[in-house]
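The values are calculated or read from the model by the stated rules, or taken from the named source; none is laboratory data. Remember, it's a predicted structure, so these values are computed and weren't measured experimentally. Neighbour counts run over all protein chains shown; Cβ positions are idealised from the backbone, glycine included. We work out accessible area using only protein heavy atoms, side chains counted, and drop any ligands, DNA or RNA first. Shrake-Rupley method; radii C 1.70, N 1.55, O 1.52, S 1.80 Å.
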Protein chains: 2
Amino acid sequence: MAVTMNDVARAAGVSLKTVSNVINNYEFIRPATKQRVLDAIDELGYETNLTARSLRSGKTSMLGLVLADLSIPYYAELASDIMKAAWARGYRVLVEQSGNEAEHEKAALQGQFRSLTDGLLFIPLALDAEQIIAAAGKKPLVLLGEFVQDPRLDMVLIQNQEAAAAVTTHLLAGGRRRIAVLGAHDGDEAGSNGLRLRGYRAALAAAGVEYDPTLVVPCDWRRDGGADATARLLDSGVEFDAVFGLNDALALGALHELLVRGRNVPEEIAVAGFDDIDESRFASPSLTTVAPGRAEIAERAVELLIQRIESKDAAPAVQQPKAAFELRVRQSAP
Amino acid sequence: MAVTMNDVARAAGVSLKTVSNVINNYEFIRPATKQRVLDAIDELGYETNLTARSLRSGKTSMLGLVLADLSIPYYAELASDIMKAAWARGYRVLVEQSGNEAEHEKAALQGQFRSLTDGLLFIPLALDAEQIIAAAGKKPLVLLGEFVQDPRLDMVLIQNQEAAAAVTTHLLAGGRRRIAVLGAHDGDEAGSNGLRLRGYRAALAAAGVEYDPTLVVPCDWRRDGGADATARLLDSGVEFDAVFGLNDALALGALHELLVRGRNVPEEIAVAGFDDIDESRFASPSLTTVAPGRAEIAERAVELLIQRIESKDAAPAVQQPKAAFELRVRQSAP
DNA sequence: GGCCCTATCTGCAACGATGGATTCGAACGT
DNA sequence: ACGTTCGAATCCATCGTTGCAGATAGGGCC
C-alpha cells in the first residue's frame, strides 16, 4: 500500500540502504546516484515512515507539553509560542491538557504517552516539586514558569514575585491604599499564587502600607472566578480602591463585574492584572498588567529541553536567569 | 535500557506473546497467568512502546489538527474541545499551526507528519476545495466548519450564512439601518467570510434595506484588524449605526476603538460578533454574538473522523446536518 | 607491483511490538 | 474409546527504518 524505501530502491536501481543514506544526507554519495534516488522518490511519492524511523533510532522528534487547558488564553498563547520555537528546531509538540488536576498531571508525567516524546515541557499547577520528582520518568523534563524553585529540576522561571511587586507598587504610586488581591489564599506560599502574593506583600511593606488579609480573595484563575470574587468582595462591604488580579483573566472578570455594578474604573477603583494576554490591550478600559516575558520563556524552555535531549550529559539543573518582565500601564490603572 | 515485553515475559515465566495478549486483553488467559504478568509489569515498571506498536499495527491513535494559530481564542477553544472529544475515544491530537498560509496548509496535508496520525482534522483558510483535494493524501480527512461545501469531501459545517443572517436581523430589529461589516471584501463568495457576508446581505434584502458596499471593510480576523478597520471607517466619514464583526475578535477590536473614540455603545453604535468566545461574555459592554455550536462541531468532527478511520469503507461524504447555532444577545446590541 | 586509503555502495541485524498459525492438553459428545 | 472442540499459551514472521560492519574499486605512494 504505502511506498517504502524498498520500492524506491528498486525503482532507482540501488540498495535500500543507499536510499536511506540519501535521505539522511550521508556524505559519500555520487551526485548522479543521489539524483536517481531523489527522482525515484519524487516519482513514487515516497514519504518517510516516521514511526519506523522512531522505533529504529529511538528518537521521536516530538516534545510533550502539559498545561491546564488551551481555552485559557495565557496557555494558548504560550503553547503557540512554544510550538513555533520547537518547529523552528525541527521538533513537533504534542499537547496534553491536565485540567489542573493532580491525577492528570501525574498521568501525563508517567503515562505511556511519554514514549511518544523525547522530552516534556510541563506547567505544573496541582503537583509540587516532591511529587513531580517522584512521578517523573527518566526522560528530560523542563518546568515552566509557574512554580517554586527546586535545584533538582530544570525550569524556566518568570519573576512572579518581582513582577507582582511592580504591579502593586504601581498601584500604590497611583495613591491606592486598599488593594484587593484576587486568586490567592492568605498564607499561600508555593506556586505562582504564593509567589505573586508575596510580591504584593513585599511592595506593601516597602511602602509602609499595612497588609489586610480580608482583601485577599481565593478563586479560580478564570474570568468568572474573578467576577464572582469581585461580587463577593463588593457584597461583603470591605472597602477597596484597587483590584489586583493575579492573572489577566481574573482582572478582566473583576473589571466586568465592577462595570456591571456601575463602579468607575479607574477613578473609583483601579484594576490591574498579570500576564499581558492579547485580550487585555483591547479591554475597555484597557487593562494595566505586567508582561512576564512569554516569548522569552517559550524560547528558553524549548532550547533548554532540546539541549537536554541532544546532549547526553545529565547536567544538574543550571540556574537560569529569569525572564525579563515589563509593566504595561494602561487605562484601568494609569 | 527501557523495559521491554521480553523482560516482562522472562520475569513472569511466560512467552513474550502472552504478555502482549495480557496487555491487549486477549480473552483466553488464565487468571493466574494474567496476574503473574501484571505483577511483573508492575514490578519492572514496564510501559508499552507506542512507537513499536504503531509500526507493527499500522495505527498511531493520533489525530492531526491543522488550524491557523492557537493564540486566536476561537481556535484555542475549539482545539480544547476537540482534544477532549478525541481523548474520550482513546485518541490523541497533534496540533499543527498553519499561520493561515497556503504553503503551510498544503504542507500539513501532505507532509511527513501525516504518517504520525491516523487521520486529519483540517480548518482550511487559505486553500479551496480543489486545492485540498489535489493536495490530500489517502488518509481520512475531515474539514471543519469554515468552508464551502463540496460533495467530495467530508466536513462538519456550521451555519455560517444562517447565523450571520440571524445577527443581522437582530441588529435590524433594533432599528439599525447602516450596519458596517468587518472582515469581508465586497464580492467574497467562498470561505466563511463569503458565507457570512451572504447571510448579512440576505437579511438586509429580507428587511428591504439596501446593501451598501462602502460599509464592507476587509481586514485581518483579529482584534487589531477590527480596531484598524473601525478607525478607517470612522475617519472616512461613512455613516453607520452598527458594526457586525464577522468574528468576535473583530467585533471586540471594533468595540475597543469605538469606546476609545468616545462613541457610545450601544446607544450610538451597536456592535455584534460571531463565535461566542468566552471573552465576549466579559467584555464591557458584553458582546452580542452568535454561538455556532462549537462543542457540537468538535464532537461531530472527531466522531466522523474516527468512524472513517475505523471502518474501512470509504463511503462518500455524507451530508451532515449542520450544527445548531444560537444568538446570544448581550449589552453591545440589545 | 604491492599496499593502504578513500569514496561509494551494500547486507545483515536489530528496534519492540502484533497477527496469524500452531501446538498441546483437557473436556466433551456419541 | 476415540475423534472433535475449545481454552491457553507459544512460535515465527513482519512492520519500515537505521547502525554497523563489510565489500569493491580506483588512486596515490614507495
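In table form, for the structure just shown:
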{"read-out": "Value of Rg to Rh for the protein assembly as shown (Rh from inverse mean 1/r over Cα pairs, i.e. Kirkwood)", "value": "1.01"}
{"read-out": "Degrees separating the helix A:31-44 axis from the principal Cα axis of chain A, which is the longest one", "value": "70 degrees"}
{"read-out": "B versus A: buried accessible surface, summed, Å² (probe 1.4 Å, to nearest 100)", "value": "4000 Å²"}
{"read-out": "Environment charge of A:SER20, counting only residues whose C-beta is closer than 15 Å and scoring Lys/Arg +1, Asp/Glu -1", "value": "+3"}
{"read-out": "The protein assembly as shown, helix-only ellipticity at 222 nm - DSSP H runs n ≥ 4, -39,500 (n - 2.57), divided by all residues, nearest 500", "value": "-13500 deg cm²/dmol"}
{"read-out": "Rounded accessible area per residue of chain B, 1.4 Å, Å²", "value": "42 Å²"}
{"read-out": "Sequence-separation-based contact order of region A:160-291, relative, with Cα cut under 8 Å and 6+ spacing, percent", "value": "26 percent"}
{"read-out": "Rounded D (µm²/s) - region A:160-291, Kirkwood Rh over Cα pairs, Stokes-Einstein at 37 °C, 0.692 mPa s", "value": "235 µm²/s"}
{"read-out": "Label geometry 7 Å along the beta-carbon vector: A:GLY175 inter-copy distances in nm", "value": "3.9"}
{"read-out": "Long-range HN-HN contacts of B:ALA270 with modeled amide H, under 5 Å", "value": "B:ALA242, B:VAL243"}
{"read-out": "GNM top mover of A:GLU77, A:GLU130, A:GLU189 - chain A, alpha-carbon springs below 10 Å", "value": "A:GLU130"}
{"read-out": "Relative contact order [Cα under 8 Å, 6+ residues apart], chain B, whole percent", "value": "15 percent"}
{"read-out": "Reciprocal of mean inverse Cα separation for region A:204-279 (Kirkwood radius, Å)", "value": "12.6 Å"}
{"read-out": "Shortest-first distances to equivalent copies, position B:PRO213, nm, label 7 Å out along Cβ", "value": "6.9"}
{"read-out": "Cα-based reach from A:LYS138 at 22 Å (exclusive), listing lysines while leaving out same-chain residues under 8 positions away", "value": "A:LYS59, A:LYS106, A:LYS312"}
{"read-out": "Average silhouette area of region B:1-150, convex hull of alpha-carbon atoms, in square nanometres", "value": "11.5 nm²"}
{"read-out": "Net charge over other residues, Cβ less than 15 angstrom from the Cβ of B:ALA136 (K, R count +1; D, E count -1)", "value": "-2"}
{"read-out": "Between region B:261-278 and region B:168-202, the Cα center-to-center distance that results, in Å", "value": "15 Å"}
{"read-out": "Simple Cβ-charge dipole of region A:5-48, Lys/Arg +1 and Asp/Glu -1, about Cα centre, in debye nearest 20", "value": "240 debye"}
{"read-out": "Cβ-defined net charge surrounding B:ASP118, 11 Å radius [Lys, Arg +1; Asp, Glu -1]", "value": "+4"}
{"read-out": "Cα principal axis extents for region B:126-182, largest first, Å", "value": "51, 18, 13"}
{"read-out": "Label-point separation in nm, B:GLU268 to B:LYS138, each point 7 Å along Cα→Cβ", "value": "6.3 nm"}
{"read-out": "Relative contact order (%) - criterion: Cα under 8 Å, at least six apart; region: region A:5-48", "value": "44 percent"}
{"read-out": "Pairwise centroid distance, computed over Cα atoms, of region A:26-73 with region B:75-128, Å", "value": "18 Å"}
{"read-out": "Teacher prompt: B:ARG232 distances to equivalent labels in other copies, 7 Å Cα→Cβ, nm", "value": "4.7"}
{"read-out": "Zone of A:GLN110's modelled label, taken as backbone nitrogen in region B:1-28 under 16 Å from a point 7 Å along Cα→Cβ", "value": "B:3"}
{"read-out": "Virtual spin-label span in nm between A:GLU303 and B:GLU103, 7 Å along Cα→Cβ", "value": "2.5 nm"}
{"read-out": "Of all accessible heavy-atom area on the protein assembly as shown, the percent that carbon and sulfur account for (1.4 Å)", "value": "51 percent"}
{"read-out": "Closest-to-axis residue of chain A (Cβ criterion, axis taking A to B), whole Å", "value": "A:ALA76, 2"}
{"read-out": "Orientation-averaged projected area, Cα convex hull of region A:5-48 (nm²)", "value": "2.5 nm²"}
{"read-out": "Volume of the Cα convex hull of chain A, divided per residue and given in Å³", "value": "162 Å³"}
